Amino acid sequence: MAQQNKDTNELIKVRRQKLSDLQEAGKNPFEITKYDVTHHSVEIKDNYDELEGKEVSVAGRLMFKRVMGKASFCNVQDLQGSIQAYVARDEIGVEEYKDFKKMDIGDIVGIKGTVFTTKTGEKSIHATEVLLLSKSLRPLPEKFHGLTDTDTRYRQRYVDLIMNAESKEVFIKRSRIIKEIRKFLDGRGFMEVETPMLVSNAGGAAARPFETHYNALNEDVKLRISLELYLKRLIVGGLEKVYEIGRVFRNEGVDTRHNPEFTLMELYQAYTDYEGMMELTESMFRYLAETVCGSAVISYNGTEIDLSKPFERITMNDAIKKYTGVDFDTVETDEEAKALADQHNVEYEERHTKGDIINLFFEEFCEKELIQPTFVMDHPLAISPLTKKKPSDPDKVERFELFINTWEMCNAYSELNDPIDQRERFAQQDANAAAGDEEAEHTDEDFLNALEIGMPPTGGIGYGIDRLVMLLTDSQAIRDVLLFPTMKSLDAKKSTNKTAAQPAAPSEKIDFSKVKIEPLFEEMVDFDTFSKSDFRAVKVKECEAVPKSKKLLKFVLDDGTGTDRVILSGIHDYYEPEELVGKTCIAIVNLPPRKMMGIDSCGMLISAVYENDGEEGLNLLMVDDRIPAGAKLY
């Protein structure tokens with residue numbers, strides 16, 4: 001690594017000298033303000049018969065150059081692709097050819113010339129002019145390996161887009177998906193609107209908000225966690241079909257399907273219900289697949305997903321009955337529901353009701369089975385504070401979630417428009433918050449005032465755009481479809497590492513006076529028993545939050561065997577997943593698998609636990625990264 005950095009620094013030094021020489025010669029590329037581009041690379045190739053022998057000008061990044069005496073070949077990459085240029089000294093001039101030979105891979109150039117085909121059959125440009133438009137002072141990654149480090153790809157997306165055509169295609173397709181969504185909804189008479197991002201009461205979803213402060217108003221505010229409550233106010237105001245595509249912010253973990261800042265679309269339509277939302281959703285998903293992917297039958301991670309057939313419809317209780325045999329329609333009390341949870345090893349909190357238990361059962365046993373498009377309907381009232389009750393069963397609501405590839409793709413309601421009922425449900429949410437539920441909603445008096453003015457029967461739905469893009473582009477992680485995903489600051493990492501690496505100065509002596517530890521075990525363990533515990537060094541390959549769990553992190557570990565090991569650990573209160581990737585930890589690897597949230601945990605990571613000033617403290621045991629995976633501890 002040190003040699004690589006040294007080589008890079010030498011290349012940067014050489015390139016800066018080349019720039020200095022150009023500037024002294026009056027050829028400063030950074031003084032150029034524009035360049036007339038007549039065509040793009042793919043456009044020339046696709047229209048070759050029409051353009052052959054005609055003059056064109058292209059501009060882009062120099063990605064390849066082969067100098068052969070008085071003539072050379074180069075390759076220029078633009079938005080659409082790349083095209084070869086033949087550059088001869090006698091065509092562009094002696095001095096200009098010298099300048100061309102000094103150009104570096106990564107430079108931005110403009111090339112003018114005539115379209116022709118080389119002897120090898122490649123459609124190319126016979127250059128009459130090559131102009132340096134911008135000097136690249138930092139070398140690109142090595143050509144044949146490209147940019148493969150995922151952390152660098154996410155942090156330096158600009159380099160990723162240059163080096164990886166597949167990555168660029170994902171974001172071009174993302175733009176098209178959003179364009180086609182707008183086209184589809186515009187065709188159905190929907191009106192696109194914009195609503196506030198900074199709000200006094202972040203409602204409309206079960207999530208923890210980010211908080212900030214208005215200096216001018218001297219008022220604390222929150223970043224929105226959904227779009228719902230303002231859009232419903234517009235329905236009250238008489239805008240019968242509205243939608244918004246916008247960023248929302250949830251102060252939660254980062255994993256392969258979740259980013260704290262993400263794109264959400266919500267739409268609301270007066271005079272329809274959740275059945276109307278099902279029809280709209282099924283039609284839109286099919287339209288997007290056919291328009292963007294070319295077929296309603298798509299593939300995700302090797303699994304065929306058929307959007308051409310009518311989507312399956314099943315109630316939440318029927319799904320649980322199908323996959324577990326438990327019929328919650330026959331369960332009457334919270335106590336009965338908790339007893340069933342105990343029997344099936346479903347973790348719950350004391351405050352949970354029958355409705356909460358039903359949702360936990362569904363998440364534990366059903367979600368993983370839902371590969372093909374499936375509408376899961378009629379959720380418990382307890383988990384749906386903004387939804388109309390089913391007239392035939394007041395313990396359930398008219399709500400559905402669409403699942404594809406085990407993912408929740410959208411969430412829809414027959415919207416609650418009874419202000420008295422809504423106030424009672426807000427009161428229950430306030431009680432939940434008082435009982436410790438950090439994701440509970442709070443009473444919104446202005447929204448209740450709007451409902452008292454009168455809201456017509458309305459269907460509403462929310463779609464996670466990022467997850468939809470993942471599905472339609474066959475992308476494995478949400479960061480692959482976000483141009484600039486949330487990443488832990490490199491400065492923070494350096495600060496942390498510096499603190500860990502340097503011994504504390506006397507003035508920064510650590511105070512352990514308020515620390516309490518558990519008493520040492522009095523019972524002795526014989527050596528043979530102890531020696532059977534297999535402690536190994538393990539490398540963290542992947543780490544993500546376990547969906548629906550506030551505490552669990554899922555680790556994918558290299559234990560030196562060549563087979564990935566999965567261990568779950570309840571340390572999310574102390575660490576974010578991304579800061580642990582690449583670390584070397586210690587684990588017991590010969591414990592029997594233990595199922596946690598439906599996932600087999602094969603071993604135990606070792607942490608140090610203690611009490612500090614009355615609060616529990618925990619540090620995951622991390623060791624020198626020079627220790628190889630699988631090294632045994634003695």
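The values are calculated or read from the model by the stated rules, or taken from the named source; none is laboratory data. Nothing here was measured: the structure is a model prediction, and the numbers come from that model. Cβ coordinates were reconstructed from backbone atoms using ideal geometry, including for glycine residues, and neighbour counts include every protein chain displayed.
Couple of notes before you dig in:
- Which numbered condition His344 misses (of (1) within 23 Å of Phe184 (Cβ to Cβ); (2) in contact (Cβ under 8 Å) with a residue 12 or more places away in the chain): (1)
- Taken as a whole, the condition of being acidic (Asp, Glu), surrounded by fewer than 17 Cβ atoms within 10 Å (Cβ to Cβ) and at pLDDT 95 or above applies to Glu129.
- Residue in region 228-240 that is closer than 24 Å to Ala477 by Cα and either modelled with pLDDT under 95 or in the same structural domain as Lys179 (by TED's automatic domain parsing) (or both) present: no
- Top-ranked residue in region 291-328 [being basic (Lys, Arg) and closer than 30 Å to Gln343 by Cα; ranked as nearest to the chain's Cα centre (by Cα)]: Arg313
- Of all residues in region 616-629 being in contact with a Lys or Arg (Cβ under 8 Å, 6 or more places away or on another chain) and part of a loop (DSSP other than H, G, I, E, B), the one that is modelled with the highest pLDDT: Ala629
- Within region 241-261, considering residues that are modelled with pLDDT of 95 or more and either hydroxyl-bearing (Ser, Thr, Tyr) or exposed (fewer than 15 other Cβ atoms within 10 Å of the Cβ) (or both), the one farthest from Met455 (Cα to Cα): Arg247
- So Glu369, is it closer than 22 Å to Thr281 by Cα, of a type in the set (Asp, Glu) and buried (at least 16 other Cβ atoms within 10 Å of the Cβ): no
- Residues in region 429-439 that are surrounded by 14 or more Cβ atoms within 10 Å (Cβ to Cβ) and either farther than 12 Å from Gly203 by Cβ or among the basic types (Lys, Arg) (or both): 2 in all.
- Residue selected from region 434-488 under the condition of a type in the set (Ser, Thr, Tyr) and under 24 Å from Pro209 (Cα atoms), by the criterion modelled with the lowest pLDDT: Thr486
- Test: residue in region 350-364 that is closer than 28 Å to Ile298 by Cα and touching a Lys or Arg at 6+ places or on another chain (Cβ under 8 Å): yes
- The listed residue being in a loop (DSSP other than H, G, I, E, B), aliphatic (A, V, I, L, M) and out of contact with any strand residue (DSSP E or B) (no Cβ under 9 Å at 6 or more places or on another chain), out of Ala202, Ala206: Ala206
- Hey, Lys27 under 20 Å from Ile105 (Cα atoms) and in contact with a helix residue (DSSP H, G or I) (Cβ under 9 Å, 6 or more places away or on another chain) or not: yes
- Within region 334-363, being assigned to a loop (DSSP other than H, G, I, E, B) and among the basic types (Lys, Arg) holds for one residue alone: Arg351.
- Pairing residues of region 455-480 that are within 19 Å of Gly253 (Cβ to Cβ) with residues that are surrounded by fewer than 22 Cβ atoms within 10 Å (Cβ to Cβ) and basic (Lys, Arg), at Cβ distances under 6 Å and at least 6 apart in sequence or on separate chains, gives Ile478/Arg257.
- Within region 97-119, being part of a helix (DSSP H, G or I) and within 26 Å of Glu43 (Cβ to Cβ) holds for one residue alone: Phe100.
- Selection count where residues are out of contact with any Asp or Glu (no Cβ under 7 Å at 6 or more places or on another chain) and surrounded by fewer than 14 Cβ atoms within 10 Å (Cβ to Cβ), scope region 577-593: 2
- Of all residues in region 364-388, those satisfying the criterion of being over 19 Å from Gly462 (Cα atoms) and not in a loop (DSSP other than H, G, I, E, B) are Glu364, Phe365, Lys368, Glu369, Ala382.
- Sole exception among (1) more than 23 Å from Glu261 (Cα to Cα); (2) free of Cβ contacts under 8 Å to residues at least 40 places away in the same chain; (3) exposed (fewer than 15 other Cβ atoms within 10 Å of the Cβ); (4) of a type outside the set (Asp, Glu) for Ser175, by number: (1)
- Selected residue [farther than 19 Å from Glu252 by Cβ and either touching a helix residue (DSSP H, G or I) at 6+ places or on another chain (Cβ under 7 Å) or at pLDDT 75 or above (or both)] from Asp491, Asp526: Asp526
- Checking each residue in region 18-55 for being within 41 Å of the chain's Cα centre (by Cα), under 19 Å from Gly121 (Cα atoms) and not small (Gly, Ala, Ser) picks out Val42, Glu43, Ile44, Lys45, Asp46, Asn47, Tyr48.
- Strands (runs of 3 or more DSSP E) enclosed by region 504-615 - at least 3 residues per element that are within 29 Å of the chain's Cα centre (by Cα), farther than 26 Å from Arg208 by Cα and without any contact (Cβ under 8 Å) to a residue 12 or more places away in the chain: none
- Number of the exception - Asp393 against (1) closer than 26 Å to Glu282 by Cβ; (2) under 32 Å from the mean Cα position of the chain (by Cα); (3) of a type in the set (Asp, Glu): (2)
- Count of residues meeting criterion [loosely packed, with under 15 Cβ neighbours inside 10 Å, of a type in the set (Asp, Glu) and under 14 Å from Ala537 (Cα atoms)] in region 547-576: 1
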